[in-house]
1. In this structure, does LEU69 turn out to be surrounded by fewer than 12 Cβ atoms within 10 Å (Cβ to Cβ) and part of a helix (DSSP H, G or I)?
2. Can you find a residue in segment 82-101 that is in contact (Cβ under 8 Å) with a residue 60 or more places away in the chain, outside any loop (DSSP other than H, G, I, E, B), closer than 18 Å to VAL156 by Cβ and more than 11 Å from the chain's Cα centre (by Cα)?
3. Any residue that is out of contact with any helix residue (DSSP H, G or I) (no Cβ under 8 Å at 6 or more places or on another chain), closer than 14 Å to TYR13 by Cα and free of Cβ contacts under 8 Å to residues at least 24 places away in the same chain - is there at least one of those in segment 143-157?
4. Could you grab me the full set of residues in segment 65-115 that are among the polar types (S, T, N, Q) and touching a strand residue (DSSP E or B) at 6+ places or on another chain (Cβ under 7 Å)?
5. So is ARG128 surrounded by 12 or more Cβ atoms within 10 Å (Cβ to Cβ) and at pLDDT below 90 or not?
Amino acid sequence: MTHLIALIDGSGYSQSVCDLTRWVAERTDASVELMHVLGRRNTDSEPADLSGNLKLGARSALLKELADLDEQKNKLELKRGRLLLEEAKTGLEEKGVATVTTKLRHGDLIETIAEFEGDADLILVGKRGEAADFAKLHLGSNLERVVRSAKKPVLVASRAFKP
């Protein structure tokens, strides 16, 4: 049996990735693994010192509030990721794909693909991601990184699925 990895992110291309995944799965009797990777977008640089010249009590209160906000943001990203995966899984199952699993990961997209592509026969990804809608003539940066690093074939979904 063929095994597909479909990368979704909540962008306008995610539905097209799911449609293309269903199309391939129907023709190859493939199992599908839907994957959403929560990247390290906000952790790549040094944390900013937002405390300024505050007194010790005010600085501690501000840092605690910032930590609480960061924790809340991370919880929301996890919840959103689970919802994206669950909706995509339900959609594929309703359209007849028999075996669909989901995987929500933290970390680098390329490291995640390297870890899981060994069992896959094909990787499906959208032409652009969530942050690339402003650049209509450019490919998404994650697409380029996936294509350059993947050892398995990569099928790229356009915005609108066409068989």
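The values are calculated or read from the model by the stated rules, or taken from the named source; none is laboratory data. The structure presented is a predicted model; accordingly, all values stated were derived computationally and were not measured. Reconstructed Cβ throughout: ideal geometry from the backbone, glycine too, with neighbour counts over all protein chains shown.
1. On the way: surrounded by fewer than 12 Cβ atoms within 10 Å (Cβ to Cβ): yes; part of a helix (DSSP H, G or I): yes.
When the stated conditions are applied, LEU69 passes them.
2. Checking segment 82-101: at least one residue is in contact (Cβ under 8 Å) with a residue 60 or more places away in the chain, outside any loop (DSSP other than H, G, I, E, B), closer than 18 Å to VAL156 by Cβ and more than 11 Å from the chain's Cα centre (by Cα).
3. Looking through segment 143-157, at least one residue is out of contact with any helix residue (DSSP H, G or I) (no Cβ under 8 Å at 6 or more places or on another chain), closer than 14 Å to TYR13 by Cα and free of Cβ contacts under 8 Å to residues at least 24 places away in the same chain.
4. THR99, THR101, THR102, THR112
5. Working: surrounded by 12 or more Cβ atoms within 10 Å (Cβ to Cβ): yes; at pLDDT below 90: yes.
Spelling it out, ARG128 is indeed surrounded by 12 or more Cβ atoms within 10 Å (Cβ to Cβ) and at pLDDT below 90.
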